[in-house]
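Trainee: Pasting a structure here, questions to come.
The values are calculated or read from the model by the stated rules, or taken from the named source; none is laboratory data. This is a predicted model, so every value here is computed, not measured. Glycine also receives a Cβ, built like all others from the backbone with ideal geometry; neighbour counts cover every protein chain displayed.
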Amino acid sequence: MRFELGCRMQFSSNFDVPVILMLRPRSGYRQWIIQETYDLQPFAPVTEYTDGYGNLCQRLIVPAGEFQLQVTAQAETLLELELDKTASFIPIEFLPDAILQFLLPSRYCESDKVYDLASEIVANLEPGYAQAEAIRRWIHNNIQYEYGTSNASTSALNVIQSRQGVCRDFAHLGIALCRSLNIPARMVVGYLHGLKPMDQHAWFEAYIGHRWCTFDATQTEHSEERIVIAYGRDAADVALVTQFGPLQLNEMQVWIDAL
């Protein structure tokens, strides 16, 4: 299925501010970027690199004053890849080396402290898809989605205590619970078609059946109508904008439309 998508941001600052942006989706597993534009007003020189997770990162200095950037793209995604509900748990000794890092606790996902809750959620279920889906469903049913209830330092443990959060908090909790059961899990940010209100979105993937499978605890039904921007261990790895100085985000618009 083909989508047209984009993101527009407007900033202001009294000083030149170095930033790292992570706004370009790239072709890869389940998606193909057909065309893309990246517009900066006023123009600023940009260099690009690929981080350790394969994400495209842009380095630039945002000039003092008003600054706007807009990224647009057309992308094709493979919707025929149905989630395999029989996907099995992969013993640690058979995991690829690159997957092992997604078993470890990270800044926002304290997987070493949530085993008791995870065990309660998945009691009597077969390891693999059934456990990951039970975790997704438990979060959906027990954590309230509410703007303004979390901040940049909120972790999975905080979400368990408050029982509320937004998409990144739901993803962090799902990742922590999966990892506590030795299921590799990673955070994903990108676009979700039909999301209301429209914004950049976050969800988690679990490595089962020798592939990454999508789980989104904010949604009632599974959907593959997504375009990925970035993958990482948690939000620290997938920040869309990392600034090294005072930079005010004044406006942000996000869209994704089916073509």
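Trainee: Please pick out the residue among 206, 176, 171 that is assigned to a strand (DSSP E or B), under 16 Å from the mean Cα position of the chain (by Cα), buried (at least 21 other Cβ atoms within 10 Å of the Cβ) and in contact (Cβ under 8 Å) with a residue 12 or more places away in the chain. Even if it seems obvious, please write down each step before you answer.
Mentor: Details: 176 fails: assigned to a strand (DSSP E or B); 171 fails: assigned to a strand (DSSP E or B).
None of the other options fit; the residue is 206.
Trainee: Another question about this same structure. Within the range 72-80, does at least one residue satisfy the condition of being exposed (fewer than 15 other Cβ atoms within 10 Å of the Cβ), more than 30 Å from residue 17 (Cβ to Cβ) and out of contact with any strand residue (DSSP E or B) (no Cβ under 9 Å at 6 or more places or on another chain)?
Mentor: In the first step, residues of the range 72-80 are kept if they are exposed (fewer than 15 other Cβ atoms within 10 Å of the Cβ); the result is 78-80.
Right, trim to more than 30 Å from residue 17 (Cβ to Cβ) and you get 78-80.
Retained after the next criterion (residues that are out of contact with any strand residue (DSSP E or B) (no Cβ under 9 Å at 6 or more places or on another chain)): 79-80.
Yes, the range 72-80 has at least one match.
Trainee: Considering only the range 26-44, state which residues are surrounded by fewer than 15 Cβ atoms within 10 Å (Cβ to Cβ) and under 20 Å from the mean Cα position of the chain (by Cα).
Mentor: 27, 28, 29, 32
Trainee: Continuing with this model, one more query. Which ones in the range 45-67 are without any contact (Cβ under 8 Å) to a residue 40 or more places away in the chain and exposed (fewer than 15 other Cβ atoms within 10 Å of the Cβ)?
Mentor: Scanning the range 45-67 gives 45, 46, 47, 48, 49, 50, 52.
Trainee: Of all residues in the range 128-162, how many are free of Cβ contacts under 8 Å to residues at least 60 places away in the same chain and touching a Leu at 6+ places or on another chain (Cβ under 7 Å)?
Mentor: 5
Trainee: Another one. From the list 77, 50, which residue is under 25 Å from residue 234 (Cα atoms), within 18 Å of the chain's Cα centre (by Cα) and at pLDDT below 95? If you could, list the steps in order and put the result at the bottom.
Mentor: Numbers: 50 fails: at pLDDT below 95.
Exactly one residue qualifies, and that residue is 77.
Trainee: Further question: Having 1 or more residues that are closer than 18 Å to residue 224 by Cβ and among the polar types (S, T, N, Q) is the bar; report the strands (runs of 3 or more DSSP E) wholly within the range 1-41 that clear it. Can you show your working first?
Mentor: Numbers: elements: 2-13, 17-21, 31-41.
Hits in the range 1-41: 31-41.
Trainee: Checking the condition under 30 Å from residue 34 (Cα atoms), hydrophobic (A, V, I, L, M, F, W, C) and out of contact with any Phe, Trp or Tyr (no Cβ under 9 Å at 6 or more places or on another chain), which residue from 69, 79, 104, 100 passes? Steps first, please.
Mentor: On the way: 69 fails: out of contact with any Phe, Trp or Tyr (no Cβ under 9 Å at 6 or more places or on another chain); 104 fails: under 30 Å from residue 34 (Cα atoms); 100 fails: under 30 Å from residue 34 (Cα atoms).
Result of the check over 69, 79, 104, 100: 79.
Trainee: Only one of (1) free of Cβ contacts under 8 Å to residues at least 12 places away in the same chain; (2) on the phi > 0 side of the Ramachandran plot is not met by residue 196, so which one is it?
Mentor: (2)
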